[in-house]
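Below: one structure, written as structure tokens.
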Amino acid sequence: MWIGISKEYKSETIKKVLQSYFNSDNVKLLNDITELDMEYECFEIDHNSSEFPLVITYIKSNDVDVYNKCMKLAKYISIELNCNTICDGSDEGDDSSPYWSIVWKSGISFLADDCGTKFADNEGGEVKIVRMINIDI
């Protein structure tokens, strides 16, 4: 699962926020999948040429419910870094389309459509906010 972040941050900053969220030093930012370590919560950091230029991908989790964990983490990051975040919201949308996302703005959730956007498809416009949505996490 992935989380897009609306501002660029150094890897060290992202790692500190993740360590704070997990209340643990067992967070690893991977440069390559061969660095995967089952003792750590592992993430990759990528760049995106959209309004969410930084994307972290949750590579390994000890939790089965990664969808909800990413939802909580996206909310946490939006508050801690005072930025907007985006995560998968396909279970929250109005239909079964895979293009539903949740955008978090200072911990407030919005249903968004990322179909035909620079973020999701590497072409098109910005992610479209559909409406505020209550996500109880």
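Rule-based calculations on the coordinates, nothing more; no lab input. What you see is a predicted model; the values in this text were computed from it and never measured. No Cβ is skipped: glycine too gets one built from the backbone with ideal geometry, and neighbour counts run over all protein chains shown.
Where both residues lie in the stretch 14-83, what percent of DSSP beta bridges are antiparallel, nearest 5?
Once the DSSP bridges in the stretch 14-83 are tallied, antiparallel ones form about 60 percent.
For each pair in Lys16/Lys118; Lys69/Lys118; Lys16/Lys69; Lys28/Lys105; Lys75/Lys105, compute the distance between the two Cα atoms and list the pairs where it is over 19 Å.
Correct reply: Lys16/Lys118; Lys69/Lys118; Lys28/Lys105.
By its C-alpha gyration tensor, with a ≥ b ≥ c as the square roots of the eigenvalues, how is the stretch 46-116 shaped: rounded for a/c under 1.5, else prolate for a/b larger than b/c, else oblate?
Rounded.
Amide H neighbours of Cys83 under 5 Å, at least 5 residues apart or on other chains, H built in the peptide plane: list them.
Ser106
Using DSSP, restrict attention to beta bridges with both residues in the stretch 2-132 and report what percent are antiparallel, rounded to the nearest 5.
85
For Asp95 and Lys128 in the same chain, what is the full-extension length gain: residue separation times 0.36 nm, less their Cα-Cα distance, in nm?
10.3 nm
Using the alpha-carbon atoms, what tilt in degrees (0 to 90, nearest 10) does helix 66-80 show relative to the longest principal axis of the chain?
90
Testing the spin-label approximation: label points 7 Å from Cα along Cα→Cβ at Tyr67 and Gln19. State their distance in nm.
In this crude label model, Tyr67 to Gln19 measures out at 3.3 nm.
Kindly write out, for the stretch 92-103 in residue order, the coupling ³J(HN,Hα) from the Karplus curve 6.51 cos²θ - 1.76 cosθ + 1.60 (θ = phi - 60°), rounded to whole Hz, with x marking Gly and Pro.
Coupling constants for the stretch 92-103: 9, x, 7, 8, 8, 4, x, 9, 7, 9, 10, 9 Hz.
Give me Thr117, Thr13, Thr85, Thr34 sorted ascending by neighbouring Cβ count inside 10 Å, so fewest comes first.
Fewest-to-most Cβ neighbours within 10 Å comes out as Thr34, Thr13, Thr117, Thr85.
Ranked by Cβ crowding within 10 angstrom, fewest neighbours first, how are Tyr67, Tyr58 ordered?
By the 10 Å Cβ count, ascending: Tyr67, Tyr58.
Taking amide hydrogens as modeled 1.01 Å from N in the peptide plane, which residues meet the under 5 Å criterion relative to Ser109, leaving out close sequence neighbours?
HN-HN under 5 Å from Ser109: Ile133, Ile135.
Please arrange Met38, Met132 by counting, for each residue, the other beta carbons lying within 10 Å of its beta carbon, fewest first.
Met38, Met132
Give me the extension gain from Ile108 to Ser11: residue separation times 0.36 nm, minus the current Cα-Cα distance, reported in nm with one decimal.
Once the chain is fully extended between Ile108 and Ser11, it gains 32.4 nm.
Long-range amide H contacts for Ile59: which residues qualify at under 5 Å (H placed 1.01 Å from N, peptide plane, sequence gap of 5 or more or a different chain)?
Cys42, Phe43, Glu44
Between 0 and 90 degrees, rounded to the nearest ten: what's the tilt of helix 11-22 against the longest Cα principal axis of the chain?
Compared with the principal axis, the helix lies near 90 degrees.
For the chain, taking Cα atoms only, what is the radius of gyration to one decimal and the Dmax to the nearest whole Å?
14.3, 40
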